[in-house]
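Read the structure below first, then the notes.
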Amino acid sequence: MTAIDLIDRRQFYIDGAWAPPVEQHDALVIDPSTEQACAVISLGSQSDTDAAVAAARAAFDSWSITPAAERVALLVKLLEVYERRSGEMAEAISMEMGAPIDLALKSQVSAGSWHIRNTIAALEAFDFDRPLSDGAPGDRILYEAVGVCAMITPWNWPMNQVTLKVAPALGVGCTMVLKPSEVAPLSSSLFAEMVDEAGFPPGVFNLVNGDGVGVGSQLSAHPDVDMVSFTGSNRAGVAITRNAAESVKRVALELGGKGANIVFADADDAAVERGVRHCFNNSGQSCNAPTRMLVERPVYDAAVATAERVANEMIVDVASKNGRHIGPVVSQAQFDKIQGLIESGQSEGARLVAGGVGRPDGLEVGYFVRPTVFADVSPEMTISRTEIFGPVLAITPFDTDDEAIEMANDTSFGLTNYVQTGDIDRARQVAKRLRSGMVEMNGKSRSAGSPFGGYRQSGNGREGGTWGLEEFLEVKAVSGWA
């Protein structure tokens, strides 16, 4: 695109209207398939942040006491608009972060509609006003909106994370300012258009683009922000927590992961291939990806051979093409980080069985990474301990259940672990001992309303279902009610 052709998303959505930035600070959005600029945004200043927070603060009193049924009705309208414009959303996500267009539509965009729909169901079943117990009829428990929320979201699953935060917060009566990743902001600007079209009152939802050092820090330290909900890196999560401590804000963090996929000898025939494909999905850019495959010794060699085959069969191509391929990673910085970690795997003695450094053949331009598999990875190696966030799988053998569990738990993270075995009793016992917020067994995904979140450095708090509503609610105990 020429400068004239760039998509212009420099305005912010504040108090129910699109407004230019107070100070012009343009930033380019790069299409990772081409390495060319595709859009221009503006990074907000303190004045833009203050205006958005002021709008949210002014709207809070009336929005927070709006009947729940009215808030749900607006979410239903938002869902209708979102689904009607799903094609536009898929194109935006594909362009800004490199998800192949079919994946963008079927997984990235549909994750958003899934979460809005599930939030509506959770709200319809939630009792904001309930007795303490049958034995205490004079005591009442009231659930009330926490206040003005800052929502800081990542680039890897843009609408998944935006809707997991925005929909429940809107539904329980919070007002908010959204700061999406400056790397992938186009989908969130489109989402703001959808919120406007759905008819939410001015000031309830606001959007300001910016980077973490700028708008992100301004929001997390702002005295009129009551809560920060953040998804992203551990480094940024620590910085946000420190910033928020001055005003004793509530902080909810969904951070990194280094999921272990424990494959026992009696696992089903498709377990290994399923695990490899899950690891490489979205070009490996998922915090809950099963990036460590721990395989019981009797089937280890066969598992490595299967992983090698699947990786070598994996097609890598530009995001605009239809098909079941993987696209580029999101940026030059991410590409360089992944290349460095692949090099570390080789230098530290892991056995490279597929992929490796460099781009796939025929793709000289774009942030494309070769689907890579390492075998004989020991737990102390960098690729076994670091969240790579790319299509890189590390495979390690084990001999006993205790050894597998110990290796799975030997990480600073604790987001999602996976168990593959035909013995359901063994699966249940292993699941109980894994130190993670989620465990998925034998290829079964978690159901609607299941909480998403982790232990330790994977963050705190939960998103989704009833837990996702409670994240944005204060609990008030009232005596003498009856």
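The values are calculated or read from the model by the stated rules, or taken from the named source; none is laboratory data. As the structure is a prediction and not an experimental result, all values here were calculated from the model. FYI the Cβ positions are ideal-geometry reconstructions off the backbone, even for glycines, and counts take in every protein chain you see.
Take the residues in the stretch 427-482 that are of a type in the set (Phe, Trp, Tyr) and farther than 14 Å from Cys287 by Cα, then tell me which one is surrounded by the fewest Cβ atoms within 10 Å (Cβ to Cβ). Taking the candidates together, the pick is Trp481.
Does Ala59 count as touching a residue at least 40 places away in the same chain (Cβ under 8 Å) and either surrounded by fewer than 19 Cβ atoms within 10 Å (Cβ to Cβ) or assigned by TED's automatic domain parsing to the domain that holds Leu142 (or both)? For Ala59, the condition - touching a residue at least 40 places away in the same chain (Cβ under 8 Å) and either surrounded by fewer than 19 Cβ atoms within 10 Å (Cβ to Cβ) or assigned by TED's automatic domain parsing to the domain that holds Leu142 (or both) - is met.
When restricted to residues that are surrounded by 15 or more Cβ atoms within 10 Å (Cβ to Cβ) and either in contact with a His (Cβ under 8 Å, 6 or more places away or on another chain) or within 26 Å of Val318 (Cβ to Cβ) (or both), the stretch 359-380 contains 11.
Listed by first and then second residue, the pairs with beta-carbon distance under 9 Å, at least 6 apart or on different chains, first residue in the stretch 218-229 and within 12 Å of Met176 (Cα to Cα) and in the same structural domain as Asp48 (by TED's automatic domain parsing), second modelled with pLDDT under 95 and buried (at least 24 other Cβ atoms within 10 Å of the Cβ), form an empty list. Taking the listed residues Glu470, Glu406, Glu440, the one that is touching a residue at least 60 places away in the same chain (Cβ under 8 Å) and either within 30 Å of Ala167 (Cα to Cα) or over 20 Å from the mean Cα position of the chain (by Cα) (or both) is Glu470, with no other qualifying. Out of the residues in the stretch 220-248 that are among the small types (Gly, Ala, Ser) and closer than 24 Å to Ala58 by Cα, which is farthest from the chain's Cα centre (by Cα)? Among those that are among the small types (Gly, Ala, Ser) and closer than 24 Å to Ala58 by Cα, it is Ser247.
The residue that is surrounded by the most Cβ atoms within 10 Å (Cβ to Cβ), among those in the stretch 62-89 that are of a type in the set (A, V, I, L, M) and within 14 Å of Phe205 (Cα to Cα), is Leu78.
Say whether the condition of being out of contact with any His (no Cβ under 9 Å at 6 or more places or on another chain) and of a type in the set (S, T, N, Q) is met by at least one residue in the stretch 49-56. No, the stretch 49-56 contains no residue that is out of contact with any His (no Cβ under 9 Å at 6 or more places or on another chain) and of a type in the set (S, T, N, Q). Counting the residues of the stretch 368-392 that are over 20 Å from the mean Cα position of the chain (by Cα) and either within 16 Å of Glu308 (Cα to Cα) or in a strand (DSSP E or B) (or both) gives 9. Considering only residues in the stretch 229-281 that are surrounded by 23 or more Cβ atoms within 10 Å (Cβ to Cβ) and among the polar types (S, T, N, Q), the one that is farthest from Arg324 (Cα to Cα) turns out to be Ser229. Here Gly237 does not qualify as touching a strand residue (DSSP E or B) at 6+ places or on another chain (Cβ under 9 Å) and at positive phi. When Gly345, Gly349, Gly323, Gly358 are checked against the criterion of being over 28 Å from Ala37 (Cα atoms) and part of a loop (DSSP other than H, G, I, E, B), a single residue qualifies: Gly349. Listed by position, the strands (runs of 3 or more DSSP E) contained in the stretch 6-66 that have at least 2 residues being touching a strand residue (DSSP E or B) at 6+ places or on another chain (Cβ under 7 Å) and modelled with pLDDT under 95 form an empty set. Residues that are buried (at least 24 other Cβ atoms within 10 Å of the Cβ) and either of a type in the set (Ser, Thr, Tyr) or within 22 Å of the chain's Cα centre (by Cα) (or both) do not occur anywhere in the stretch 295-315.
Go through (1) within 30 Å of Val29 (Cβ to Cβ); (2) aromatic (Phe, Trp, Tyr); (3) outside the structural domain of Glu88 (by TED's automatic domain parsing) for Phe200 and report which single condition fails. Result: Phe200 fails condition (3) only. Restricted to the stretch 145-194, and to residues there that are touching a Ser or Thr at 6+ places or on another chain (Cβ under 7 Å) and within 27 Å of Arg130 (Cα to Cα), the residue that is surrounded by the most Cβ atoms within 10 Å (Cβ to Cβ) is Pro168. Only residues that are of a type outside the set (Phe, Trp, Tyr) and outside any strand (DSSP E or B) were counted across the stretch 438-482, and they come to 27.
Taken over the stretch 204-217, residues that are of a type in the set (Gly, Ala, Ser) and surrounded by fewer than 24 Cβ atoms within 10 Å (Cβ to Cβ) amount to 3. Scanning the stretch 24-50 for residues that are more than 14 Å from Met97 (Cβ to Cβ) and of a type in the set (Gly, Ala, Ser) gives Ala27, Ala37, Ser42, Gly44, Ser45, Ser47.
Contact map, the stretch 89-115: residues that are at positive phi and in a helix (DSSP H, G or I) paired with residues that are surrounded by 23 or more Cβ atoms within 10 Å (Cβ to Cβ) and basic (Lys, Arg), Cβ distance under 8 Å, separation 6+ or inter-chain. No pairs are found. State whether the residues of the stretch 421-429 include one that is part of a loop (DSSP other than H, G, I, E, B) and of a type in the set (D, E, K, R). Yes, that holds for at least one residue. Residues of the stretch 243-255 include none that is of a type in the set (Ser, Thr, Tyr) and in contact with a strand residue (DSSP E or B) (Cβ under 8 Å, 6 or more places away or on another chain).
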